[in-house]
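One structure is given below, encoded as structure tokens.
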Amino acid sequence: MKKNIFLLVILVILVTSCDRMFHMAGKVVDATNGLPITNAEIITSEHRTIYSDSLGKFDLNLFGPGSNSDNLEVLVHKDGYQSTFFDLSQEEDLMGITLELKPGNLPFQTKYSSSLVEIFYKINLYVVNLIVLLTILFVLYKKVRFYLFWIAAILFLNMTLRINYIDGSLSFDFFHLPFFLKSFAFYPFTIKIPLLLGTLAFWGYYLFSRFDLKKAL
């Protein structure tokens, strides 16, 4: 039992700490004439904001969570221009990005409240993580039948619904690990709702087995 718990802790550390350096560079320009925009505010994460220089250029280094750090989202502000959100997940060259702003002073509107991002982050951090961890410990402690299968299902049979609070766009992450530790800081514009398919399947199987056994007795 102790050996199983030790291996579980090692696995959790490995799958939640696979970070790497991430580099992005580019320029902010006027969409109408292509001229550089100086001192544009580029919000890249909860704790990171950078500004374009006198030539409209910017350079960013981030320490991101695994390969998902490629899916960088930025929000750009500048007085006299419309605040614009950019999803850079489809960009092949992140060293030569051009961010275009349209002139105007329209109020920046979002589909949903930005507070939902932090609310769901805290739910994932304190509730979802605890549910998953306790479920795995329960499987190990009870020595449930096919416990290796169930642990693999709990760890890997998951989906995450991603909702962009700015434009309301939806996307899914398939086979997402069920632990949420750092995602909020690197995805400040995304509401993340986990679908713990493996965990739900286990508890359905376990409760059904218990109920069926009692009924047989």
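A short reminder: the numbers here are calculations on the coordinates, not readings from a lab. Just so you know, these numbers come straight off a predicted model, no measurement behind them. A quick note on method: Cβ atoms are made from the backbone with ideal geometry, for glycine too, and the neighbour counts reach across all protein chains shown.
Hey, which of these cross-link pairs are over 29 Å Cα-Cα: K57/K122; K78/K111; K102/K122?
Too far apart for the 29 Å limit: K57/K122; K102/K122.
What does a probe at T32 reach in the stretch 74-112, counting residues whose amide N is under 14 Å from the point 7 Å along Cα→Cβ?
80-82, 101-106
Is the shape of the stretch 115-155 rounded, prolate or oblate, going by the alpha carbon gyration tensor and its root eigenvalues a ≥ b ≥ c, with a/c under 1.5 for rounded and a/b larger than b/c for prolate?
Because a/c hits 1.5 or more and a/b exceeds b/c, the stretch 115-155 counts as prolate.
Taking the Cβ-Cβ separation of F108 and L130 as r and a Förster radius of 35 Å, what is the calculated FRET efficiency to the nearest 0.05?
Working from the Cβ atoms, E equals 0.45.
How far, in nm, would the chain grow between D93 and L116 when pulled straight, counting 0.36 nm per residue and subtracting the alpha carbon separation?
The span from D93 to L116 would gain 5.2 nm if fully extended.
Cα gyration tensor of the stretch 90-131, axes a ≥ b ≥ c as square roots of the eigenvalues: rounded (a/c below 1.5), prolate (a/b > b/c) or oblate?
oblate
Amide H of K57: which non-local residues (sequence gap of 5 or more, or other chain) have their own amide H closer than 5 Å, using H built in the peptide plane?
Those qualifying (amide H under 5 Å, at least 5 residues apart or on another chain) are V28.
Can you list which of the chymotrypsin sites (Phe, Trp or Tyr not before Pro) found in the stretch 64-166 are DSSP loop residues with at most 14 other C-beta atoms within 10 Å?
For chymotrypsin sites (Phe, Trp or Tyr not before Pro) across the stretch 64-166 that sit outside H, G, I, E and B with at most 14 neighbouring Cβ atoms in 10 Å, the list reads F108, Y112, F146.
Express in nm, to one decimal, how much length is gained between R48 and W203 on full extension, taking 0.36 nm for each residue of separation and deducting their alpha carbon distance.
51.8 nm
Shape call for the stretch 85-173 from the C-alpha gyration tensor, a ≥ b ≥ c root eigenvalues: rounded (a/c under 1.5), prolate (a/b greater than b/c) or oblate?
In terms of gyration-tensor shape, prolate.
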